[in-house]
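Let me begin by presenting the structure, written as structure tokens, before commenting on it.
The values are calculated or read from the model by the stated rules, or taken from the named source; none is laboratory data. Note that this is a predicted model, so its numbers are computed, not measured. Cβ placement follows ideal geometry from the backbone for every residue including glycine, while neighbour counts extend to all protein chains displayed. Ligands, DNA and RNA are excluded from the accessible area calculation, which covers all protein heavy atoms including side chains. Shrake-Rupley method; radii C 1.70, N 1.55, O 1.52, S 1.80 Å.
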Amino acid sequence: MGKAFKKILILAGIFLVVAILVFFLLLKDREKEEVSYEAMEAASLPVLSLTVEDQEVNVLYGYTAEMKEAYMGETLTPLPEDRKLPVAVSTYGNTVTGLSYEIRTMDGNGLIERRELQDWREEDGQIQVELPIQDLLGRNIEYRLRILVSTEERENISYYTRVVWGQGMKTREMLEYVKGFHDETFTKTDSENYAVNLESDQSADNGTLAYTNIHSSFDQITWAKLAPSQIGEPQIQILQINSTFGSFLVRYELQAEGENDRIGTYLVEEYFCLNWSPQRFYLMAYERNMNQVFEASADTITSEGIDFGVTLPERVALAESGKPSTRENGEKEYQVFVVNGELWSYCPENQEAVRIFTFRDEKEEGWRRNHQEYGIRTVNVDNLGNVEFFVFGYMNRGVHEGQTGLSYYRYVKADNALQEVFYIASDKPYQVLKEGIDTLAYKSSRELLYLKFDNNVYAIDYVGNEFVVVVENAEARGFVVNQTQDAIAWQQGENLQEADSVRILYLDSGESHVLEAADGEYLRTQGFIDQDFICSIGRTEEIKRSGLEALYPQYALTITDAAGTEISRYQYDGIYISSVSVGEGQVHLSRLRKNSSGDYEYMDGDTLMQSNAESSREKEKLAQKDGEKRKRIWYLPLTQNGEGKKNLNVTSPNKILYGGSSSLDLSHYSEGMDHVRYYAYAYGHLQTVRDRAGEAISQIYDKMGWVTDSNGNAIWRRTERALTVSIPIAEEAKVAAPDDRLMGCIVGILRKEGVEEDIHERLAAGENAQLILSELLPGTVMDLSGCTLKQLFYYINRQTPVIALSEDKGPILLVGYDQYNVELYDPLEGTVTKKGQNDAEDYFRQAGSRFLGYVK
């Protein structure tokens, strides 16, 4: 056993206490290969595109490993009336030996159709074929389409999209609008009067071309003074579409002359959200992101600094070696940065720039070279110019082409060579992987790599060829990490909702301690401020297990330092904490109190300030200047740049070592995780992942986004809805006593869905509505607390009532709405009343905006 890994065994018995600890040698799981240096292979997989209304859309990239289908299908493809879908296969020199497709339900479990294709034609490296989809699909229902391509070199390369066989869709008109608007931005004329849909105002930053939106000026939308030229055809992706609503992503490459007559290359992404009315289209949202491709040259690396051009600071990830403590071994200072999917290193003293890693292949044409469904994270930089880093997501080319996963690389400056240290395959796409990597990817001073991957936390010792599962099913255990990612904590015990202890681990020192709950109490992890851990405490006897869902009021909140000493405590008689939000230097509390009847009611929140907390965020290192054509330009100032010593030298690694790496198989640790989470998407990208559906919906509502759960079910989307809806409720839902209102709500929903079940005994036993409905309904039941009424109308429009908590009556049902009102069903009265939408919003807000809904 390696010396480095033995360090983890002395961490105060940490892994002896954790029941989920599992050791094993990588030597058992690694796949041995002969050590060989080689150049990164060019991309080789075919690329697919689909034709919708005579427009090429939805470019698809191939996957060579099995993926979890619930997460796949970023694009949506509307089928023609005859359901014959034209597909173009760009072979890129491959000999295609087989084509097939299969259609499944959105959860990936139900197979609708599977067919082998026999006839296709190929001309000039492109195959044209039609998918003759059978009449087995429901109207206006989304399905998952998987197209499989076999070549002489690979079997069953998979390509994913979603399909819908709709009615009355304005697909052609929407595509024409998107393409027309896009084209007009290059003319300055607006001959089609697209500018009428802009909402130009003072909220927009018209000083930068890196980000433009619907509030920007017409001059800004039309590129100001840049005058760019488009390279190739734009790539249009359909994200969502129905009879009145559509969202689209357009990707393209530009070239433009900047200052000093230098030609720059730019990658651009445009987002459109359209709504159709009988008169015209309304542009609900528009957003354009532009990034200049960094090219190391005497124009971009000067005595002033490193010029990143048109971008935003948050799109440039910086790392540095720091100043060398000695010059004896040739140590120098290095600046390392990640920009536009490329990793660069620069030594000011030598005036040497190294493009350490990129998937971008200048020999390629078209968007295959710019496909950026991956990320790069720098882990360590030393004064010899060596760099350790991750590449995670979709592997565009190389030995892992067509897979998603994580590669850990080491760049050895002396050899000008890359070494892949280990590789972890995944069955989830980049955006899902990114959420875990963003949470935790940290190399400790003890040479252990801590990584959150597939909802587990691992400690990896790649020197000793071993790893250990530190936290299994991390989200269910309330896993939290501090901002610098060098401290983590999680809940322990058999019942994770009522954890009997919490463990805190400081990754650099290896020190850990456990907070134990007193008898009859439980603990909840809440987060960190710097190195100080925040934990809340509740009493099991005060848990309200009945009602809409279980409610866990906590009577105190404590803050402990790295030694485990309590340094602050928040506790007041009669006041309880329902949720905690931790920000930089502050803790916000949502609070409850008991009313005269002994029920919990919401009260004003409170905020704790940590006056001596120092921001762990790095000081802004980038500076800005204005260019006549490019507008705002960002650059990294350099204190020294070896001016006059030598000309700039630009290199790349001349070889990559793959054969000595280890393949870590973590798939069996991902099985059996049933903790459902909610994925909120907007602008074509994953925005956030939340444990509560209501929180996810609130995050993307104004962004015209959509929400799915971790099983692939559509939870919420911005879509058309009827002007008026009224859901009838069965007479059986009427109850005789005020305390039985919740039973009436549940019965009303069950009878609406055709479920005949007596729930008296279950309610009497203290079971809550969420538990009962989850077991009896075929769909997904969700906590929608925090939603506004307009957000909840999505469910009512789908003929699914929503249980709402009111302050004076308790549980009632939301069963309808019109332009001005919302319809409320009171089980005690057995009647429906109307309340104005604004009044109803305030009415439910007083009860904490607590709602329970479901989708079928």
Fill in: Residues satisfying the stated conditions in region 200-214, i.e. surrounded by fewer than 18 Cβ atoms within 10 Å (Cβ to Cβ), free of Cβ contacts under 8 Å to residues at least 60 places away in the same chain and closer than 23 Å to Gln292 by Cβ
Asp205, Asn206
Worksheet item: So which residues in region 50-89 are surrounded by fewer than 18 Cβ atoms within 10 Å (Cβ to Cβ) and in a strand (DSSP E or B), if there are any at all?
Response: Thr51, Gln55, Glu56, Lys84, Pro86, Ala88
Worksheet item: Of the residues Glu628, Glu620, which is exposed (fewer than 11 other Cβ atoms within 10 Å of the Cβ), modelled with pLDDT under 90 and in contact with a helix residue (DSSP H, G or I) (Cβ under 7 Å, 6 or more places away or on another chain)?
Response: Glu620
Item to complete: Having 3 or more residues that are within 21 Å of Met67 (Cα to Cα) and open to solvent by less than 30 Å² (accessible area, probe 1.4 Å) is the bar; report the strands (runs of 3 or more DSSP E) wholly within region 327-418 that clear it.
Response: 387-394, 404-412
Fill in: Residue identified as out of contact with any Cys (no Cβ under 6 Å at 6 or more places or on another chain), at pLDDT 95 or above and buried (at least 18 other Cβ atoms within 10 Å of the Cβ) among Ile529, Ile460, Ile534, Ile437
Ile534
Worksheet, complete the sentence: Considering region 758-778, residues that are open to solvent by less than 30 Å² (accessible area, probe 1.4 Å) and under 20 Å from Ala730 (Cα atoms), and then whichever is farthest from the chain's Cα centre (by Cα), we arrive at Ile759
Item to complete: Just name the residue that is most open to solvent (accessible area, probe 1.4 Å) out of those in region 144-171 that are assigned to a loop (DSSP other than H, G, I, E, B) and under 26 Å from Phe281 (Cα atoms).
Response: Gln167
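Residue-wise test of (1) small (Gly, Ala, Ser); (2) under 17 Å from Gly375 (Cα atoms); (3) without any contact (Cβ under 8 Å) to a residue 24 or more places away in the chain; (4) touching a strand residue (DSSP E or B) at 6+ places or on another chain (Cβ under 7 Å).
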{"position": "Arg288", "(1), (2), (3), (4)": "no, no, no, yes"}
{"position": "Phe294", "(1), (2), (3), (4)": "no, yes, no, yes"}
{"position": "Asp299", "(1), (2), (3), (4)": "no, no, no, no"}
{"position": "Ser303", "(1), (2), (3), (4)": "yes, no, no, no"}
{"position": "Phe308", "(1), (2), (3), (4)": "no, no, no, yes"}
{"position": "Leu318", "(1), (2), (3), (4)": "no, yes, no, yes"}
{"position": "Ser321", "(1), (2), (3), (4)": "yes, no, no, yes"}
{"position": "Pro324", "(1), (2), (3), (4)": "no, no, no, no"}
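Looking at Leu117, Leu99, Leu111, Leu136, which one is more than 19 Å from Ser44 (Cα to Cα) and open to solvent by less than 60 Å² (accessible area, probe 1.4 Å)?
Just one listed residue meets the conditions, Leu117.
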Worksheet item: Does Ala285 qualify as being at pLDDT below 95 and not in a strand (DSSP E or B)?
Response: no
Worksheet item: Right, Lys428: within 15 Å of Arg377 (Cβ to Cβ) and either surrounded by 19 or more Cβ atoms within 10 Å (Cβ to Cβ) or out of contact with any Gly (no Cβ under 9 Å at 6 or more places or on another chain) (or both) or not?
Response: no
Practice prompt. Would you check which residues across region 549-599 are farther than 21 Å from Leu742 by Cβ, of a type in the set (S, T, N, Q) and touching a strand residue (DSSP E or B) at 6+ places or on another chain (Cβ under 9 Å) and list them?
Written response: Gln554, Thr558, Thr560, Ser568, Gln571, Ser579, Ser581, Gln586, Ser590
Worksheet item: Across region 229-267, what is the number of residues that are outside any strand (DSSP E or B) and within 30 Å of Asp626 (Cα to Cα)?
Response: 5
Practice prompt. Return the only residue of Asp709, Asp740, Asp691 being of a type outside the set (A, V, I, L, M, F, W, C), over 29 Å from Leu274 (Cβ atoms) and crowded, with 18+ Cβ neighbours inside 10 Å.
Written response: Asp740
Worksheet item: Which number in (1) modelled with pLDDT of 95 or more; (2) more than 23 Å from Gln837 (Cα to Cα) marks the one condition that Phe793 misses?
Response: (2)
Worksheet item: Could we say that Glu494 is farther than 30 Å from Asp382 by Cβ and either touching a strand residue (DSSP E or B) at 6+ places or on another chain (Cβ under 7 Å) or of a type in the set (Val, Ile, Thr) (or both) here?
Response: no
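Can you tell which of Val755, Val802, Val781 is surrounded by 20 or more Cβ atoms within 10 Å (Cβ to Cβ) and without any contact (Cβ under 8 Å) to a residue 60 or more places away in the chain?
After applying the criteria, what remains is Val802.
Just to be sure, is Tyr820 farther than 15 Å from Glu549 by Cβ, out of contact with any His (no Cβ under 6 Å at 6 or more places or on another chain), modelled with pLDDT of 95 or more and open to solvent by 40 Å² or more (accessible area, probe 1.4 Å)?
yes
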Worksheet item: Does any residue in region 503-525 that is over 14 Å from Val481 (Cα atoms) and open to solvent by 40 Å² or more (accessible area, probe 1.4 Å) come within less than 8 Å, Cβ to Cβ, of a residue that is acidic (Asp, Glu) and not in a loop (DSSP other than H, G, I, E, B) six or more places away or on a different chain, and which pairs are these?
Response: Gly520/Glu541
Discussion item. If the requirement is being among the β-branched types (Val, Ile, Thr) and over 19 Å from Phe479 (Cβ atoms), which of these qualifies: Val457, Val432, Val399?
Written reply: Val399
Worksheet, complete the sentence: For region 558-567, the count of residues that are of a type outside the set (A, V, I, L, M, F, W, C), out of contact with any Cys (no Cβ under 8 Å at 6 or more places or on another chain) and surrounded by 15 or more Cβ atoms within 10 Å (Cβ to Cβ) equals 0
Worksheet item: Give me the pairs: first residue in region 126-143 and on the phi > 0 side of the Ramachandran plot and in a loop (DSSP other than H, G, I, E, B), second residue modelled with pLDDT of 95 or more and of a type outside the set (A, V, I, L, M), beta-carbon distance under 9 Å, and six or more apart or on different chains, which are they?
Response: Asn140/Trp165
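Output the number of residues of region 474-485 satisfying the condition of being open to solvent by 10 Å² or more (accessible area, probe 1.4 Å), in contact with a strand residue (DSSP E or B) (Cβ under 6 Å, 6 or more places away or on another chain) and not aromatic (Phe, Trp, Tyr).
The total comes to 5.
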Discussion item. Looking at region 547-606 only, could you name the residues that are basic (Lys, Arg) and within 16 Å of Thr525 (Cα to Cα)?
Written reply: Arg569
